[in-house]
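Inspection log for the structure reproduced underneath, given as C-alpha cells.
The values are calculated or read from the model by the stated rules, or taken from the named source; none is laboratory data. Keep in mind the model is a prediction, meaning the values are calculated, not measured. Note: ideal-geometry Cβ built from the backbone for every residue, glycine included; neighbour counts use all protein chains shown. Just so you know, the surface numbers come from the protein's heavy atoms only, side chains and all, with ligands and any DNA or RNA stripped out. Shrake-Rupley method; radii C 1.70, N 1.55, O 1.52, S 1.80 Å.
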Amino acid sequence: MLKYFYLYSAVLFLTDFTVSVKTAYLKKPCEDFSEECLTKTLQMGLPIFVEGIREIGLESLDPYRIEKLNLKMPGDMNIEFKHGVARGLKKCRVDFARYKDHVFETQFHCNLTIKGHYRSVGRFLMFAIDGDGKSIIKCSNIRLHAFLTIKPMTGKDGMSHLEVTSSNFTHCYDGRVTYSVTNLLKGNPEISNAVVNFMNENWRMVAEDFGDPIVHYGISAVMKNLKKFFEVVPLEEII
Ligand SMILES: *[C@@H]1O[C@H](CO)[C@@H](O)[C@H](O)[C@H]1NC(C)=O
Ligand SMILES: *[C@@H]1O[C@H](CO)[C@@H](O)[C@H](O)[C@H]1NC(C)=O
C-alpha cells in the first residue's frame with residue numbers, strides 16, 4: 001500500500017460529457033502516517049498543488065492573481081485592490097504535518113509578496129487616507145498553523161472521497177512585514193511617505209490590525225482548491 005503518491009498533475013480528457021482525470025504519479029518519499037513521512041510528503045507535494053490545474057478547477061496559487069478585492073478594514077477604511085498578484089506559497093517550509101483521529105494538523109513558514117494597485121479611502125489611526133497607487137507587501141517568515149478535520153464521504157462518482165468538515169487557522173509574524181505604498185494621500189507625497197514610514201516602523205501593529213482580511217482571503221483560496229482536489233481525486237488515489 002501507499003506505494004505511490006498519485007499526484008493529479010493531470011491530463012484531462014473532455015469527450016462527450018465524460019471527464020476523466022488521468023493521474024500522473026510521483027514516488028512517495030515514504031509509506032506511513034508518521035509525522036516525519038507526512039511532513040516530507042506535504043513538502044514534496046506543495047509545489048505541484050499550488051501550481052494548480054486549470055482544467056479541473058484548481059487555480060494557480062503561486063502566482064495567485066487577484067483581479068479585484070474589496071476589503072473593509074477596521075476604522076471605516078475601505079480598500080479596493082486590483083490587478084494583484086501574490087507569490088511565494090510554492091516555497092513555503094513545512095515545519096510539521098500530523099494526522100490523528102481524523103484531525104490533520106500542520107504548520108508552515110512562508111515568505112510571501114503581494115503586489116497590486118490599490119485605492120483606499122478612510123481613516124488610518126490619526127491619518128485621513130485618500131489614496132490611489134501601487135502597493136507591495138512583503139511578509140517574511142509568516143507562520144501558518146492549521147487544523148483540518150478530514151472525513152471520508154461518498155462522492156458523486158460513487159467512490160470514496162475526502163472532505164474537510166471543519167478547520168481553523170492561526171497565523172503570526174515570525175519575520176517582519178514591509179510595506180511599499182505610493183500615493184497614499186493624493187497629491188501629498190511628503191505626508192504619504194511619512195505614513196508609509198510610520199507603517200513600517202509599526203509593521204506588527206499594522207499587520208495585526210489590518211492583515212487578517214488579507215490572510216483570510218488567501219486561506220479561503222487554498223481551501224477552495226483543496227475542496228476541489230478532494231472532490232475530483234478519489235481517496236484511493238491519495239493514499
Ligand atoms: C524567508 O526569507 C528569509 C530571508 O531571506 C530566509 O532567511 C528564510 O529562511 C526564508 N523563509 C522561508 C520559509 O523560506
Ligand atoms: C482547532 O481544531 C482543533 C482540532 O479539531 C481543536 O483541538 C482546537 O481546539 C481548535 N482550535 C480553535 C481555536 O477552535
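Projecting the Cα atoms of Val215, Phe127, Thr41 onto the charge dipole of the chain, computed from C-beta unit charges around the Cα centre, puts Phe127 farthest toward the positive end. First compute the accessible area of the chain with a 1.4 Å probe, then give the percent of it belonging to carbon and sulfur atoms. Carbon with sulfur: 56 percent of the solvent-accessible area.
Here the range 188-239 and the range 108-124 have alpha carbon centers that stand 8 Å from each other.
In this view, the solvent-accessible surface of Thr182, computed with a 1.4 Å probe and all protein chains in place, comes to about 70 Å². Computed from the Cα positions only, the extents of the chain along the three principal axes stand at 64, 43, 27 Å, in decreasing order. The charge dipole of the range 101-231, taken about the Cα centre with unit charges on the Cβ atoms of Lys, Arg (+1) and Asp, Glu (-1), comes to about 320 debye, rounded to the nearest 20.
So which of Lys91/Lys115; Lys134/Lys228; Lys82/Lys156 end up more than 29 Å apart, counting from Cα to Cα? Distance filter (> 29 Å) returns Lys134/Lys228; Lys82/Lys156. Rolling a 1.4 Å probe over the heavy atoms of the protein chains gives the chain an accessible area of 57 Å² per residue. Within the chain, Cys139, Cys172 have no other Cys Cβ under 4.7 Å of their Cβ and so lack a disulfide-compatible partner by this rule.
The solvent-accessible area of Asp209, taken with every protein chain present and a 1.4 Å probe, is close to 80 Å².
Taking all protein chains as they are arranged and a probe of 1.4 Å, the heavy atoms of Val222 leave approximately 50 Å² accessible to solvent.
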